[in-house]
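One structure is given here, and the rest of the page talks about it.
The values are calculated or read from the model by the stated rules, or taken from the named source; none is laboratory data. From a predicted model like this one, the values you see are computed outputs, not experimental measurements. Cβ: placed from backbone, ideal geometry, glycine included. Neighbour counts: every protein chain shown. For accessibility, only protein heavy atoms count, side chains too; no ligands or nucleic acids. Shrake-Rupley method; radii C 1.70, N 1.55, O 1.52, S 1.80 Å.
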Amino acid sequence: MTLSHTPLHDLSVAALAAALRQRHVSATETAQHFLQRAHSQQNLGAYVALNEEATLAQARAADARLAAGSAGALEGVPLAHKDIFVTRDFPTTAGSKMLVGYQSPFDATVVSRLAGAGMVTLGKLNCDEFAMGSANENSAVAPVGFDAPAPVRNPWDTSRVPGGSSGGSAVAVAARLAPAATGTDTGGSIRQPASFCGITGIKPTYGRASRYGMIAYASSLDQAGPMARSAEDCALLLSAMCGPDPDRDSTSLDVPAEDFSRNLNDSLDGLRIGIPKEFFGEGLAADVRANVDAALQQYEKLGAKLVPISLPRTELSIPVYYIIAPAEASSNLSRFDGVKFGHRAKDFTDLEDMYKKTRAEGFGAEVKRRIMTGAYVLSHGYYDAYYLQAQKIRRMIADDFQQAFQQCDVIAGPVAPTVAWKLGAHGNDPLADYLADIFTLPASLAGLPGMSVPVGFGEGHMPVGLQLIGNYFQEARLLNAAHRFQQVTDFHLHKPEGF
Ligand code: GLN
């Protein structure tokens with residue numbers, strides 16, 4: 001299916017929305033086209049659930065609204081959801097054996113908001129178990145077309161990881177299996193896979209998007225956001241996703257939804273971009289650095305000024321995050337006890353035995369590791385030494401950003417120290433994964449908006465992303481900075497060979 005010579009799957013969200021509105025193509029044809037691609041590219045392991053009937057029913061309803069002139073802003077444009085959002089029309093697993101077979105009776109707020117804008121759900125996308133991971137190697141669920149768990153593959157080089165935990169989302173967008181996807185970012189899970197797969201993704205300010213129906217990992221950090229090919233497309237989705245949800249998420253902020261597209265074309269003349277020296281130290285690979293430096297030069301050409309800044313506690317964000325996130329996870333995951341939903345062990349002697357066996361069977365190794373770490377740092381005698389200290393440093397990290405924002409409007413640096421690594425390269429060394437999160441964790445701990453913008457290719461022709469971090473509620477400014485860059489470069493339009 002093509003539209004004036006551009007295959008449907010190469011159209012942006014904005015272009016698809018326009019084509020649908022003008023009735024050049026129907027929502028049903030569009031959905032069918034993407035479903036067929038999802039099937040033909042099963043080897044990537046991106047999708048974990050499809051439900052053709054439900055998708056086509058949504059598409060027909062969109063077509064009816066388009067015909068009746070009552071279309072939403074993104075009517076008929078398909079997208080797919082990270083399998084951490086609960087959905088009524090599709091099963092939800094959060095990448096865990098614990099939830100295989102689980103069917104939610106309701107949609108997450110983010111899912112229903114996007115549906116309210118007219119978007120059609122193609123299916124659910126693979127992710128690390130309970131969003132814990134940096135490579136999407138921790139999923140315990142078999143992708144569509146597989147009988148057993150299989151890794152999600154990076155379409156730029158299928159022997160490499162796509163990043164995580166929203167790896168399926170990044171792959172679906174990069175390989176044109178969906179024009180856009182949702183992701184969640186607790187410590188980098190939108191930005192890092194976006195960077196590894198050469199797409200654009202944004203995590204808004206903590207509290208912008210409702211967490212209702214998003215299976216909780218670390219509640220004080222979890223935040224939903226869009227992943228698409230361009231900043232313009234991300235702005236369209238983000239505008240539909242955000243807004244208060246006071247009855248369902250007590251941490252959702254009481255700030256009205258915004259039109260995040262409104263500043264896309266603003267000039268960058270005089271924009272002060274802070275360059276944190278701690279993001280450019282020894283650990284940064286030369287190929288990533290070269291691409292980031294070139295992008296910063298491009299920003300100077302666009303009128304921005306580069307300002308050296310310091311985020312002195314960058315390194316501490318790793319131990320701080322890997323105390324706080326597991327602490328919250330150990331509490332959040334206590335609900336998976338075999339009683340109310342999900343997996344239940346078959347043979348047990350009494351209630352306690354049932355809990356133990358259920359959790360031993362249902363959770364994967366990384367999830368267990370985090371539950372144990374979390375229980376430990378919260379336990380009597382260690383709480384003060386670990387958890388409380390981490391909370392204090394978390395506040396100092398947030399304060400460091402406020403200091404920095406006295407000198408600059410946005411902060412820029414790498415998303416990750418390297419390009420995507422080979423599947424299995426980190427073997428059984430979880431620390432190798434944790435360390436790779438160093439540049440995304442600070443903004444997460446501070447609750448700041450952050451995004452990843454494709455800026456070039458490094459070793460093995462693998463994509464490199466530039467991270468932009470804004471002060472609270474500065475999403476529109478980040479999207480503006482990314483959009484202006486994308487108007488003068490075409491990295492976001494490159495696609496992996498064969499897709
Ligand atoms: N890699 C980080 C972790 O494993 C971040 C994951 C995320 O943002 N969900 O916790």
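Summary table below
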| read-out | value |
| --- | --- |
| Cut-off under 5 Å, modelled amide H: who pairs with LEU306 long-range | ILE273 |
| Nearby lysines by direct alpha-carbon distance to LYS97 (threshold 20 angstrom, same-chain neighbours under 8 apart not counted) | LYS82, LYS124, LYS340, LYS346, LYS356, LYS357, LYS368 |
| Calculated SAXS-style log₁₀ I(q)/I(0) at q = 0.06, 0.08, 0.09, 0.10 Å⁻¹ - the chain, Debye, Cα scatterers | -0.24, -0.43, -0.55, -0.69 |
| The chain - percent relative contact order, Cα under 8 Å, separation 6 or more | 17 percent |
| The range 169-235: relative contact order in percent, alpha carbon pairs under 8 Å with at least 6 residues between | 40 percent |
| Accessible surface, 1.4 Å probe, highest first, among residues VAL307, VAL171 | VAL307, VAL171 |
| Estimated FRET transfer efficiency (ASP269, GLU497; beta-carbon r; R0 35 Å; 0.05) | 0.40 |
| Shape of the range 2-265, Cα gyration tensor, a/c cut at 1.5 | rounded |
| Area of GLU300 that stays accessible when all protein chains are in place (1.4 Å probe, Å², to 10) | 90 Å² |
| Probe 1.4 Å, protein heavy atoms only - accessible area per residue of the range 2-265 in square angstrom | 29 Å² |
| The range 81-87 - phi-based ³J(HN,Hα) in whole Hz, Karplus 6.51/-1.76/1.60, Gly and Pro as x | 10, 4, 6, 9, 8, 6, 9 |
| Sequence of ARG88, ARG394, ARG272 when ordered by accessible area, the most exposed leading, probe 1.4 angstrom | ARG88, ARG272, ARG394 |
| DSSP-defined beta bridges in the chain - what % are antiparallel, rounded to 5 | 70 percent |
| Computed label-point distance, nm, for sites ALA290 and HIS5 using a 7 Å Cα→Cβ extension | 3.4 nm |
| The chain: calculated mean residue ellipticity at 222 nm from DSSP helix runs of at least 4, using -39500 (n - 2.57) | -10500 deg cm²/dmol |
| Largest-first ordering by accessible area, 1.4 Å probe, given options PHE473, PHE439 | PHE473, PHE439 |
| Protection proxy ranking of 114-121, 8-15, 256-263 - average other beta-carbon atoms within 10 Å, highest first | 114-121, 8-15, 256-263 |
| In Å², nearest 10: area of ARG160 left accessible to a 1.4 Å probe | 20 Å² |
| Derived scalar couplings ³J(HN,Hα) [the range 98-103; Karplus, 6.51 cos²θ - 1.76 cosθ + 1.60; whole Hz; x for Gly, Pro] | 3, 10, 4, x, 7, 10 |
| For the range 2-265: relative contact order, % (alpha-carbon pairs under 8 angstrom, 6 or more apart) | 18 percent |
| J(HN,Hα) series, the range 484-499, from Karplus relation 6.51 cos²θ - 1.76 cosθ + 1.60, nearest Hz, glycine and proline x | 4, 5, 6, 6, 10, 9, 10, 4, 6, 9, 4, 9, x, 4, x, 10 |
